[in-house]
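Remarks on the structure that follows.
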């Protein structure tokens, strides 16, 4: 792995080695310690960048890059008066290295690099020192390569930070963020999304919350992974099986092997504000002896935002191989379809959107069968738990867990539903399998349902048909959720630090709980999977597509448009992509720039793409401009150029900027090429700051990526203008 703070890590290794020679510390650096120091440095740089960047964090990557570049060229060692301790030496060294950021003379522009970043060098140095020391403490507090540092005298500040880390559990307001909560406090299986079981009408009082557990073959394999973690070896187990087959319950039972251990284990279940966002935000706080609970792992590894799941997977891979945070245990659950999507290797030369997820998961799957064996069924018949006896009697095909979770009742309610309720459920199943999120707007369901009814059925409905149908679909199935239930948002409350996860019922796994169009509804998991299998060949009626175009979330419309296109419904596809493009989807704009053959005589889709494509992705805009020109859509390409796509160009994406400049030059937009070099963060001087401040022409090749202005200078020179004219 290449760390953004690799230069800082190397500098830190050298500083500690020097400290050893000066008898400030008794540290003997080895390869494991050096790697651990580099990881600590990388985490410290990113934490510093996130803390001092603007609230939305747009510039965090640039700040991290600048810090890394500064440490590529170690400056002269500053003499310190009096007795010197290790922390003093680190503070002085970091401050000395970052001092160049305050020197306006180094850039030749009259403005220091610190001015461009918007933070004084001394503030950056103090913040970086705090995070660096904290990372060393967290990673060395429970053993590992950095443990020797815990015994060194590094001043009262180090002792204070160490105390904060050790006392974090007792003080929820501490500035130290420790992921998860003690496993001894995790006593409610339903908080971790174990399905609530069916309740027998004649069950005796006093039954435990969960039915008696019957171990199966997959439990033995899962226990091996858990015991290896107890022995000190990090690992991951991904339980793969259909809906309601017992994956999450098996993980819950495996926790018994980790409870009552000394030192105690913790459990981390990231869900707030969204699963992948919480995972990324809190990954750095995971310490040794932590269970990472990833129920329905597709929400973490394959979210809607491109690249987010890969960043989560990369962080989890790094966690597993970090000896300073071992042992950790990742428990994940997935449906087979999601497992296939995340682990399939793409064809040669095709994009590989799940490379990190595949490396994380491959070889760690444990299959969970959908049915009990005859021997296990006979064992259930004599169980003391009335619910297990009922399951054995009512599930002759061995689908015990599905029955316990209410699946048969769900199917029965769907199959025997009144026409209006069946129409709502069918529309919901089609919506989920074709790309809509988990929260289905009531307005969509109301508009789509008539297409699933015959004329006679529709004419026979009362004025309150929608209310009656929703009430029918919401009735619980033997203790489990009904087929289609309303998602009720919790009242707004001030955000406070929490040491543990919130009940998953308080929010949607992968979407909002309210929409501008009114209430949202959720389809039961088992019916979701049933629809994907049994309705796969069904083409929804026209009312479905019209309702989707009118009421689906903007982020879902491009995928729904793809589904319409795949079924030959080109006008519906064009309308859905048009809506998605207007909401900022470049992928939808690409579709409109090359519509199906039957729509190509109509210039409207391409006009719409040119007029509404978002301009905040320079690489995507360049691709769209090239596609329009290649298709001969000159008027549309001119319309796109008239929106001045270079005006808001940002250096956050160096490759995209270079791609856009090239496309503009090929389109003859010489003035926009000039403007692009001056628009990002004030001017191309931002890149010059980096190049001049960190070595100019002599800067290492790896550091030149920080000076994206080079691409702009090249494009300007090729456009026929002089670089001096940019002054």
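Computed log10 I(q)/I(0) for the stretch 265-349 at 0.14, 0.19, 0.22 Å⁻¹: -0.48, -0.85, -1.09, from the Debye equation with unit scatterers placed on every C-alpha and solvent omitted. Here the simple spin-label model places points 7 Å from the Cα toward Cβ, and for residue 378 and residue 550 these points are separated by 6.0 nm. Each peptide in 244-254, 518-528 receives the mean, over its residues, of other Cβ atoms within 10 Å, and ordering these scores from highest gives 244-254, 518-528. Each peptide in 549-561, 404-416, 218-230, 454-466 gets a packing score, the mean of other Cβ atoms within 10 Å over its residues, and the list from highest to lowest is 549-561, 404-416, 218-230, 454-466. With one equal scatterer per alpha carbon and no solvent term, the Debye-computed log10 I(q)/I(0) for the stretch 275-323 at 0.17, 0.20 1/Å reads -0.46, -0.64. Its Cα gyration tensor gives the stretch 191-314 an equivalent ellipsoid, and the semi-axes of that ellipsoid, as √(5λ) in whole Å with the largest first, are 27, 20, 14. Entry for the stretch 217-267 at q = 0.14, 0.22, 0.30 Å⁻¹: log10 I(q)/I(0) = -0.36, -0.83, -1.30, Debye formula applied to identical alpha-carbon scatterers, no solvent contribution. Stretching residue 536 away from residue 459 to a fully extended chain increases their span by 24.8 nm, per 0.36 nm per residue minus the current alpha-carbon distance. The modelled label-to-label distance between residue 475 and residue 281, using points 7 Å beyond Cα along the C-beta direction, is 4.1 nm.
Three principal axis extents of the stretch 400-448 based on alpha-carbon atoms, in descending order, are 36, 24, 15 Å.
A short reminder: the numbers here are calculations on the coordinates, not readings from a lab. These numbers were taken from a predicted model, which means no experiment stands behind them. With ideal geometry, Cβ positions are generated from the backbone for all residues, glycine too; neighbour counts draw on all protein chains shown.
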